[in-house]
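Presented below is the structure to which this report refers.
A short reminder: the numbers here are calculations on the coordinates, not readings from a lab. Model, not experiment: these values are computed from the prediction. Note: ideal-geometry Cβ built from the backbone for every residue, glycine included; neighbour counts use all protein chains shown.
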Amino acid sequence: MTVAALAGCTKQPDAAAPPDPDTADCSTGGRAAGGLQDTFKSLSDQLNGIGPASDRGDTAEVERRVQEAARLSATIDTRFGAATDTMTSPLSRRAFTAVADAGTALHDALTHLAQAIDGTAPTADTVESVQRSLHALDTSVEGMRLSCSTVFADSTVSPRPGTGPGPAFGPPSRAGAHPAPASAPLSGTDGR
């Protein structure tokens, strides 16, 4: 499972004209996404480490990574929730709220998985819940990118196949090219 980075604004609106509400709101959301780039990279690292730790039978490491991933995913809702508070465009607000909600769902699923690992909660459907939450995050990020194409460049957030089950975020793959590893920086981003 891989969740790599989101990047901030890569295209500035024309300074001569005041931005329309969609563009202004997308810019606000783009800044929030840019501020989460390290969070998404860390989240990716934690999720990618769960499988190898599980293969080694290191339950403590699995639990630590799941708990840290849950903590990181809660940040998604916090940052995007704050950004949507000032949005006036229904389309932009809906797109960024969907990402915030998906972050909350992932946090809840990972928290439940951590509880199942330490034996304080039932284990039924916990892994599937995490998978569904990751898929929802993937779908919502793609929707956000598409609804704010004036702010997000095509290479900023593009789903790509991961190395394990679940969605992945990163640079788009080109025919015949090998996808960049999750730890590779996104091309075409300005790192904001």
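Run the simple label-point estimate for R31 and A60 please: 7 Å along Cα→C-beta, distance reported in nm.
4.4
Using only alpha carbon pairs under 8 Å that are at least six residues apart, calculate the relative contact order of the stretch 66-130 and give it in whole percent.
38
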